[in-house]
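So the structure is just underneath, and the comments pick up after that.
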Amino acid sequence: MQCPGPAQRAAAEANPQAFQGRSSRSIAWFGDRLSDSVKLLLAIRFEATGFDAEKFTGGPTLIIANHVSLLDTLAIRHALPVSVRVRTATVGARDFFAPSDEDRGLRRLLRSATCAYVTNAYRVCLIGRGDDMGDGIPRIARFLGEGWHVILFPEGTRSRTGSMGRFRMGFAHLAESTGAQVLPVWISGTDSVMPVGSPRLRHGAVSVRAGQPTRIGVGESHAEFLQRMRSEVEGLART
């Protein structure tokens, strides 16, 4: 998958099949091996609990978590069983990864190359921002509809304080419209290994804990669902 210009973005980014090509699968394999190597070189202590493969037998799953570092996606992917990881995509903000219309020359080339690597290596579905998740709902729904699991950070941005922000309403719309099960996850330590705004990696310990899969309840309002899921994610920090 490439990072296309504005005219081609909608068609290219909405297609999960782009991640099934031989070159994309090879880059994803390399990305996982690179993550393993970085973990070993920096002697990062990694702990993952609750990621049993059986939890994903209920169908396509929205894996939701707090968001404190760019390493959060890698931490979750590292915790997933391989059989689940190969069919797991991640939601990312287009304006963070993709080159903008103002980028020119070498800067545009470098950003395009970086974007292409990240989207293929970590299966990133690029979407717009906003409380309604911009154009993200139909894109993510297509991945779920084709049997993929999707990592999603409902806050929509990384926390600068470590405290969770409010969950975006688009997450509730997505859970309701697709009927996908939701797996709450708590991540800690990634903000010490790679803090917001820092390009450097450091020694540290990372912990990733998964709860029990659930779905939006019949008659449960979006506001109630968001509060329940936020409480479930926060509750994992105390286990």
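The values are calculated or read from the model by the stated rules, or taken from the named source; none is laboratory data. Values in this document were obtained by computation on a predicted structure and should not be read as measured data. Ideal geometry is used to build each Cβ from the backbone, glycine not excepted, and the neighbour counts take in all protein chains shown.
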Could you tell me whether region 200-209 includes any residue that is under 17 Å from the mean Cα position of the chain (by Cα), under 18 Å from Thr49 (Cβ atoms) and not hydrophobic (A, V, I, L, M, F, W, C)?
yes
Specify the residue that is surrounded by the fewest Cβ atoms within 10 Å (Cβ to Cβ); the eligible residues are those in region 206-218 that are polar (S, T, N, Q) and touching a strand residue (DSSP E or B) at 6+ places or on another chain (Cβ under 7 Å).
Thr214
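Scanning region 219-239 for residues that are among the aliphatic types (A, V, I, L, M) and at pLDDT 95 or above, which turns out surrounded by the fewest Cβ atoms within 10 Å (Cβ to Cβ)? Talk me through it step by step, then tell me what you get.
Here is the first cut: in region 219-239, the residues among the aliphatic types (A, V, I, L, M) are 223, 226, 229, 233, 236-237.
Keeping just the survivors that are at pLDDT 95 or above gives 223, 226, 229, 233, 236.
Details: Ala223: 11, Leu226: 20, Met229: 22, Val233: 22, Leu236: 21.
Only one residue fits best here, namely Ala223.
In contact with a strand residue (DSSP E or B) (Cβ under 6 Å, 6 or more places away or on another chain), of a type outside the set (S, T, N, Q), touching a residue at least 40 places away in the same chain (Cβ under 8 Å) and crowded, with 17+ Cβ neighbours inside 10 Å: is that true of Ala180 in this structure? Please lay out each step first, then the result.
On the way: in contact with a strand residue (DSSP E or B) (Cβ under 6 Å, 6 or more places away or on another chain): yes; of a type outside the set (S, T, N, Q): yes; touching a residue at least 40 places away in the same chain (Cβ under 8 Å): yes; crowded, with 17+ Cβ neighbours inside 10 Å: yes.
When the stated conditions are applied, Ala180 passes them.
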Going through region 30-52 one residue at a time, which ones are within 16 Å of the chain's Cα centre (by Cα) and assigned to a helix (DSSP H, G or I)?
Gly31, Asp32, Ser35
I want to confirm something. Restricting to region 53-89 and keeping residues that are among the hydroxyl-bearing types (Ser, Thr, Tyr) and more than 14 Å from the chain's Cα centre (by Cα), which single residue is surrounded by the fewest Cβ atoms within 10 Å (Cβ to Cβ)?
Ser83
Across (1) of a type in the set (Val, Ile, Thr); (2) modelled with pLDDT of 90 or more; (3) crowded, with 22+ Cβ neighbours inside 10 Å, Val118 clears everything bar (2)
